[in-house]
1. When segment 10-46 is examined, which residues are found to be part of a strand (DSSP E or B) and polar (S, T, N, Q)?
2. What pairs come up if the first residue lies in segment 19-33 and is closer than 13 Å to GLY7 by Cα and surrounded by 14 or more Cβ atoms within 10 Å (Cβ to Cβ), the second is of a type in the set (A, V, I, L, M, F, W, C) and modelled with pLDDT of 95 or more, and their beta carbons are under 7 Å apart, counting only those six or more places apart or on different chains?
Amino acid sequence: MSKPLKGFITYSHKDAEQKDELRERLAVMEQQNELVTWSDCQLTLGDEV
């Protein structure tokens, strides 16, 4: 099995609804371990990137 693709979702916070819709559309790929996505809303103070 190959490694999943990794993707960072960058967006304007005023477009958070569209970001959420994109994540929903990509969910199947994530569930099949074909893709891993993350965005800044998943960071907390002190996290290392």
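The values are calculated or read from the model by the stated rules, or taken from the named source; none is laboratory data. Note that the structure is a prediction, hence the values are computed from the model and not measured. Please note: Cβ atoms are built from the backbone with ideal geometry, for glycine as well, and neighbour counts cover all protein chains shown.
1. The answer is THR37, SER39.
2. Listed by first residue and then by second, the contacts come to LEU26/LEU35; MET29/LEU35.
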